[in-house]
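Inspection log for the structure reproduced underneath, given as structure tokens.
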Amino acid sequence: MYFKRWHRRENSFNRRKPPHPMIAQPRPLHFETPIGNDAMITIAAPRSAHGQRAARAIRDALFEKGTSVEWHDDPEGNLLRTTNSPVVIVGNLADSKCIRELYYRSLCATDLCYPGPGGSELRTLCDPLGTGHNLILIGYSDEEGAEAATLIFQNRIGTSIPHLKELHITRLPLPVKDLEKYRQGIIPGTPAEIANTMDGDSIGYLYYLTGEAELGKTYRKVWQAILSCGYGRTEDIVQSHLFSLWRLLPWRLVENMDLFSEDERLAITQYIYGWAESEEGWQSVAGCPRTQRPNNPRQNHELIPAMALMHAADYFEAHFPEAAGPDKWRTVGRTGFEPYGSSWKPLCDGLCHGWSMSQPVMFENALLDPSHRYFEEGGARQAAECALAVVNNDSWMPSAGDGGAARAFPGPILRIAADYYQDGRYKQVHDQAPHDRRFGWQPMLPRAFNSGVKPQSPDDHIGVTVVPVDPLVYHVWEREPELAVDAVTCPPTAPIEQCFDKLAVRSGWNLADDYLLIDGLGGGSHSYDDAAGIIEYSRLGVTVIVQEDSLIHTAPEDHSVVTIVRDGDSGIIPGFAALEEKTTDTTGTIYLRIRLKDYAGADWIREVHLFPNKCAVFVDTVTANLAGDYAIKAHFRTPARIALDGSEAKATQKSPCCETAEVRLTSLSEPSRLSVTKVPLELRYSSAEDQELWSQRYRTDEMVLMAFAANETAHLEPGESVRLVHLAQARAPHESAIILGQDESGLYISDGKTRTELPSFSIKPPVRSLAKTEIAECEEGLDSVFNAESEITALESLSDGSLAIGTNSGTLTLWHQNRVKWSADLSGSIHDIGVAQGETPLVAAGHGPAELSAFNATGESRWTSSIIREPSPWPWWELPTPAAIQVAGGISDGEQFFAVGCGDIQLRGFDGTGKEQWMWRYNEGVPGRVTVTDVDGSGQSHIVVGGEILSDQATCRILKPEGTQVAELEVEGWTSMLTAMAFGESGTRHFIGCGANRGNNLHLYERVDNQWKRLWKTRLGGQVTGIVIFAESNRALVATTQGFLLCYDLGGTAQWHLLFDDALKHLVTYGEKVIAIDDKGELRVIDQSGQIEKQVSLLSPCSLVSSVDDKIYLASGKSLYCF
């Protein structure tokens, strides 16, 4: 068998792009500034008294050197462009318009925060504006610093003003944890990793702020690495447009500091010019469909390079006026920001990229814009008001969308708005957050924008704050129908006056006060179907309800919402929630009524009763518009390890207000209809830093996220309704547990002494029962055959009928005919097992952090291979180690091989001796399903891979055994996961069925004319958990987490469905029938007509299923059963 070796690329720090023909030399830098008898110096004096004293002392020192001085009292910033001499600028953002001009152009960071108390900053800016004259910056943050700066200047000048980089810094606008890391000189290990992150650029910015020599040495290495990689798109450099702004801004500041040689400056200048002219520069912005249309929101992928183009245009116009390009770059760059005057909403709806990547760029572009249009026309004001609304009382921005604790505060928006509008409300909320959270990750230079604005309590945000929906978003389906789906899932069904972006309720700004945040929009970039969902409810400094979809938990049921499925389908989930009523009574109780219209043939109305300093009650009513079998679930997520006790789930959490508080979620649903499950957070938050941030955010030593759900199934005729009612409470030890109840008078709550009615509207309950889907259980046919010492984590069958079993503790066992043939102890948990059949089968287990071990059929150890991480451009999609998560064995050309899906988003090929023969980057996720099969009837093995564990999209890919991709089957988009895969054949026809966790989540492909062609797709409610294709019978059976088992013909026409009370977790072939297993361990044998023939209970959930001959083996915890 021939294997093609994929070699790891050796990156060279000395590799360079060819010199750009437009840039033959770097711009000239004149570090010394002439003074004396023939020299003129302009002084731009600040308006503060201590600044004036410093400026006068500097003037006098220049006079003593015989220098002519032109004095200006706090002149407008335009002076810097019109003067005919070097300018000494004294001051900071708070007291100097000239400093403000430089600050707004990202040419300095001098304000009341930096250089800090008693600190000073003296810099020579070498002709930054292309006037032919240097600017001398004399910066300070207070009177003591102004005096110190003056003395330094007086002592440093001689026959000229020497090259100044005198930095005495006492405070920095950067997170302390980042300072420690950067000062250690820790940078990624390969040039590509450096180029695909911003840590190296941050080191350059820290060097600018401090002048520390070691940082400068590291920054030079960073640029050597970046230059060696280039800016063009390659396998390793995939999105230099996203790093362009952060790459340019620190370099432009550091260039004045005489760190780089002439050759290095030339190479960097050519790099920046070349990037701006490339497909990753102006072409990436101009070619983006969004920037070609004025009436749709923009995303970070065009906003960031658009802003970089604006700065690059400034730089090259000033210093290379003969170079072509800057006019074009600026024109293209402006298209990125065209919608944003009175509008404010970027494409990103989640509390993540929109606030950490898009809005900071939009705000700073508005500062760079001479007209400051975004500020003056009100868009920035609306964004800042929304920022106030989405910060909770503990100074966190709740996690919603592709976010996390590392980007959990809209610091840049609040501080820029505070400065520009001189509004102390923004300052107050900003400054309440800890320093590191304020200055957390952002694509711009972290600066404090501290201009002396006095904090003021935002009392206007107490009560109900409705953030209006931006007309840009509301009208996008009308104006830009081809692009609209990227902004919101579907057109609005309510008037704009009722629609909203976010809705916040707070009883005050103290930690003990209530805070509730509800999303008004569904879909959008980096966010998901969560309209009318609860993003957060907290009280007593304890978070009771969260969203925390966090990049990988993105299906509708992964949100604190109600999901509706009719006859198996969800349809397109509405994207605009309508606020129909909001009232506050004399006791301060707040009532909200929100409607999500035309959701899967029904309307969902969410009523909220918030009782300040007590609890919140959510009354969810689903009323059918169309007849059908409905699965309706209310979902609530909480960062507490709740345990279910009857109709209530409880946990105890730490509280800063009362030491501990009890988290309570109470339901009026029957206990049998309730469930509590643990969300696998470790996939998203794996590092020690992640866990520390989680601990800070939720005040818990345990990183846990639990999902609490109430499920109702019913047949509804038009006008009939199902109602789900829940209470959420954070209860202090001295407070009463609030009781939720219902009697003939209606809904109510009680503290044991006082009863409070919960007014609502009357409903018509369902009349007709669901078709019966249960039969009498029997024990016949289900046998317990094996018990392991720890949880069973892997199963795989061999051709002789034996079964390989792997456990969490690392034991690999071969079991056959009711006995253990052999076992072996491996290091670490066993992730998966693959078998390469043949005369002498090999059993390979992926285990531990990065090991793959193989045994023959008699248990003899054949080899162990250690997997070495291959860095990717997307480390956020990787697991902490390159663990062998999926293992599949096969035979090709008579040789055994293994295809291994690894935690570093690589698929690797190993031969039968354990040697790694190739690797293939699985863009972009950790493969969760790897199968070796003859997928097309050619008689040749193919590797079919999909089902990501971490995923940027659900895709099924087919490879040859030597690692060459031959087909790619698209399934669903951004962050979706492939959750089911099946194969079928009938004669010469070959099929692949693919299921995903959301969206268009069921696809059937057929091999036609040597190509895989999609026959049809549909949008089912819930995640597709299993597919079985009976090609000879023209049938495909599909199971979902919403409890539906559906039957389609191979043309995509629905034939029948069954609806069960619980989610279906597994669907496996059983002869010409299927076995469907729900999440409680109920096993049902069902024929192709939908008849249930047998029902057996495991009494506990089933984790794994494997078929051997005519038997089905099921793992549940430590036990193995045979059916």
Pair list, Cβ < 7 Å and 6+ apart or interchain, from region 80-96 residues that are assigned by TED's automatic domain parsing to the domain that holds Pro128 and at positive phi to residues that are aliphatic (A, V, I, L, M) and crowded, with 24+ Cβ neighbours inside 10 Å: Gly91/Ile99
Failed item in (1) touching a Leu at 6+ places or on another chain (Cβ under 7 Å); (2) over 15 Å from Glu972 (Cα atoms), with Asp1009 passing the rest: (1)
Tally of residues being surrounded by fewer than 24 Cβ atoms within 10 Å (Cβ to Cβ), touching a strand residue (DSSP E or B) at 6+ places or on another chain (Cβ under 7 Å) and polar (S, T, N, Q) across region 74-109: 2
Search result, residues across region 403-425 that are surrounded by 24 or more Cβ atoms within 10 Å (Cβ to Cβ) and assigned to a loop (DSSP other than H, G, I, E, B): Gly403, Ala408, Phe409, Pro410
Residue list for region 943-1001, restricted to those being of a type in the set (Gly, Ala, Ser), farther than 22 Å from Lys1065 by Cβ and under 21 Å from the mean Cα position of the chain (by Cα): Gly973
Meets criteria (surrounded by fewer than 23 Cβ atoms within 10 Å (Cβ to Cβ) and at pLDDT below 95) for Gly189: yes
Selection count, region 561-588, where residues are part of a loop (DSSP other than H, G, I, E, B), in contact (Cβ under 8 Å) with a residue 60 or more places away in the chain and farther than 26 Å from Ala484 by Cβ: 3
Within region 829-926, strands (runs of 3 or more DSSP E) holding 2 or more residues that are more than 30 Å from Thr975 (Cα to Cα): 830-836, 842-847, 851-856, 861-866, 884-892, 895-902
Single residue of region 440-459 satisfying the filter (at pLDDT below 95 and either among the hydroxyl-bearing types (Ser, Thr, Tyr) or crowded, with 21+ Cβ neighbours inside 10 Å (or both)) that is nearest to Arg506 (Cα to Cα): Gly440
Residue within region 961-979 that is in contact with a helix residue (DSSP H, G or I) (Cβ under 8 Å, 6 or more places away or on another chain) and not in a strand (DSSP E or B) present: no
Failed item, numbered, when Ser866 is tested on (1) more than 12 Å from Gly912 (Cα to Cα); (2) polar (S, T, N, Q); (3) at pLDDT below 95: (3)
Of residues in region 921-944 being buried (at least 21 other Cβ atoms within 10 Å of the Cβ) and closer than 16 Å to Glu870 by Cβ, the one modelled with the lowest pLDDT: Gly925
Condition met for Val900 (of a type in the set (A, V, I, L, M, F, W, C) and free of Cβ contacts under 8 Å to residues at least 60 places away in the same chain): no
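Can you confirm whether region 346-369 contains a residue that is part of a loop (DSSP other than H, G, I, E, B) and closer than 17 Å to Thr291 by Cα?
Yes: one or more hits.
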Yes/no for Arg247 being in a helix (DSSP H, G or I), surrounded by fewer than 23 Cβ atoms within 10 Å (Cβ to Cβ) and at pLDDT 95 or above: no
Among residues of region 879-914, those that are out of contact with any Gly (no Cβ under 9 Å at 6 or more places or on another chain), of a type outside the set (Gly, Ala, Ser) and closer than 15 Å to Val843 by Cα, counted: 3
Test: residue in region 642-656 that is closer than 30 Å to Lys177 by Cβ and in contact with a Pro (Cβ under 9 Å, 6 or more places away or on another chain): yes
Residues that are of a type in the set (A, V, I, L, M), touching a residue at least 60 places away in the same chain (Cβ under 8 Å) and part of a loop (DSSP other than H, G, I, E, B), drawn from region 465-505: Val469, Leu483, Ala487, Val488, Ala494
Residue count for region 1058-1114, restricted to those that are out of contact with any His (no Cβ under 8 Å at 6 or more places or on another chain), within 19 Å of Ala982 (Cα to Cα) and among the β-branched types (Val, Ile, Thr): 7
Single condition Thr652 does not satisfy, out of (1) polar (S, T, N, Q); (2) surrounded by fewer than 17 Cβ atoms within 10 Å (Cβ to Cβ); (3) in contact with a helix residue (DSSP H, G or I) (Cβ under 9 Å, 6 or more places away or on another chain): (3)
Hits in region 486-505 (condition: surrounded by 17 or more Cβ atoms within 10 Å (Cβ to Cβ), in contact with a helix residue (DSSP H, G or I) (Cβ under 9 Å, 6 or more places away or on another chain) and farther than 11 Å from Asn295 by Cβ): Asp486, Val488, Cys490, Pro492, Cys499, Asp501, Lys502, Leu503, Ala504
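Every residue, every condition in (1) hydrophobic (A, V, I, L, M, F, W, C); (2) closer than 19 Å to Thr170 by Cα, yes or no:
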site	(1), (2)
Ala45	yes, no
Ala49	yes, no
Thr82	no, no
Ser96	no, no
Ala109	yes, yes
Leu125	yes, no
Ile136	yes, no
Asn155	no, no
Wholly enclosed strands (runs of 3 or more DSSP E) of region 627-733 bearing at least 2 residues assigned by TED's automatic domain parsing to the domain that holds Asp567 and among the basic types (Lys, Arg): 628-638, 648-655, 721-731
Conditions (1) out of contact with any Gly (no Cβ under 9 Å at 6 or more places or on another chain); (2) touching a residue at least 40 places away in the same chain (Cβ under 8 Å); (3) not assigned by TED's automatic domain parsing to the domain that holds Ser106; number of the one not met by Gly185: (2)
Those residues of region 320-333 which are more than 34 Å from the chain's Cα centre (by Cα) and surrounded by fewer than 20 Cβ atoms within 10 Å (Cβ to Cβ), in sequence order: Pro321, Glu322, Ala323, Ala324, Gly325, Asp327
Those residues of region 534-585 which are closer than 13 Å to Leu517 by Cα and surrounded by fewer than 22 Cβ atoms within 10 Å (Cβ to Cβ), in sequence order: none
For Gly1090: the one exception among (1) in a strand (DSSP E or B); (2) at pLDDT 95 or above: (1)
Checklist (1) over 24 Å from Pro875 (Cβ atoms); (2) buried (at least 18 other Cβ atoms within 10 Å of the Cβ) applied to Glu212, failing item: (2)
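How about region 224-253: which of its residues are farther than 24 Å from Pro115 by Cα and either without any contact (Cβ under 8 Å) to a residue 40 or more places away in the chain or more than 28 Å from the chain's Cα centre (by Cα) (or both)?
Taking region 224-253 as the starting set, the residues that turn out to be farther than 24 Å from Pro115 by Cα are 224-244.
Gln224, Leu227, Ser228, Thr234, listed by residue number.
The values are calculated or read from the model by the stated rules, or taken from the named source; none is laboratory data. Nothing here was measured: the structure is a model prediction, and the numbers come from that model. Heads up, the Cβs are rebuilt from the backbone with ideal geometry, glycines too, and the neighbour counts pull from every protein chain shown.
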